[in-house]
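Visitor: The structure follows.
The values are calculated or read from the model by the stated rules, or taken from the named source; none is laboratory data. These figures come from a predicted structure and were not determined experimentally. Note that each Cβ is placed from the backbone with ideal geometry, even for glycine, and that neighbours are counted across all protein chains shown. Ligands, DNA and RNA are excluded from the accessible area calculation, which covers all protein heavy atoms including side chains. Shrake-Rupley method; radii C 1.70, N 1.55, O 1.52, S 1.80 Å.
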Amino acid sequence: MVDTITRGDAELVEAAASGSEHAFRTLYRAYVRPVYWLAHGLLGDRLEAEDVTQETFLVAWRKLPDLELAGESLLPWLVTICRFQSANRIRRRQRERRHTTDEDAAEVADTVDVERQVVRSDLVERILAAVGSLSPLDQDIFRLCAAEGFAYQAAADQLGVSHGTVRNRLSRIRTFVRSSVEPEQS
């Protein structure tokens with residue numbers, strides 16, 4: 001039996017789309033943390049982020065049969081779903097605030113929150129673009145260590161490489177991603 005952890009996202013998506021709960025659970029475990037942290041960054045609330053994360057994976061489960069994976073990773077598609085779910089949650093929150101209070105201060109706070117969310121969303125897109133330009137091994141190292149919190153040795157064991165390879169590559173990856181997303185200084 002092939003270990004599903006080493007299978008690519010395309011195989012797992014195909015299996016999950018055919019109804020494999022095991023394949024979907026593997027995808028869920030691989031991407032739940034980055035999706036949660038994106039939702040938390042957009043919403044600023046732990047409970048709402050948990051709800052949006054669950055909604056994101058529910059939508060993904062329903063739409064998997066029609067998905068044609070464009071790249072090697074499911075994460076960009078999940079990020080898109082999460083952003084839409086978060087935007088819906090923010091709009092609902094704003095409607096509720098308008099109906100419960102007419103204070104101008106609340107509307108100013110909403111505007112500031114939206115601006116911050118747009119900036120964070122742009123940052124997430126730039127990070128995903130930078131990570132997407134890396135080699136498949138570097139993308140896996142970034143996903144395991146930076147997104148999922150694996151220790152160097154655990155990531156090395158998972159990927160079948162040495163501890164030093166993971167440590168050195170992750171250092172270069174972080175420098176590359178940081179330089180790719182920081183604004184250019186004149």
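Visitor: For residue 22, what accessible surface area do you get with a 1.4 Å probe? Give it in Å², rounded to 10.
Guide: 80
Visitor: As a test of reading the structure, rank 12, 47 by solvent-accessible area (1.4 Å probe, protein chains only), most first. Could the numbers behind the result be given before it?
Guide: Details: 12 5, 47 100 Å².
Putting 12, 47 in descending order of accessible area: 47, 12.
Visitor: Within segment 149-174, name every residue whose backbone N is under 20 Å away from a label modeled 7 Å from Cα of residue 137 along the Cβ vector.
Guide: Within reach of a label on residue 137: 150-174.
Visitor: From the protein chains alone at 1.4 Å, what is the descending order of accessible area for 140, 157, 66, largest first?
Guide: Per-residue accessible area, sorted high to low, gives 66, 157, 140.
Visitor: Calculate the FRET efficiency for residue 50 and residue 94 from the Cβ-Cβ distance with a Förster distance of 22 Å, rounded to the nearest 0.05.
Guide: Values: r = 20 Å, r/R0 = 0.92.
Calculated value: 0.60.
Visitor: Could you give the length gained on full extension between residue 175 and residue 10, defined as 0.36 nm per residue of separation minus the Cα-Cα distance, in nm? If you can, show how the numbers build up before the last one.
Guide: Numbers: separation 165, 0.36 × 165 = 59.40 nm, distance 2.86 nm.
Full extension of this stretch gives 56.5 nm more.
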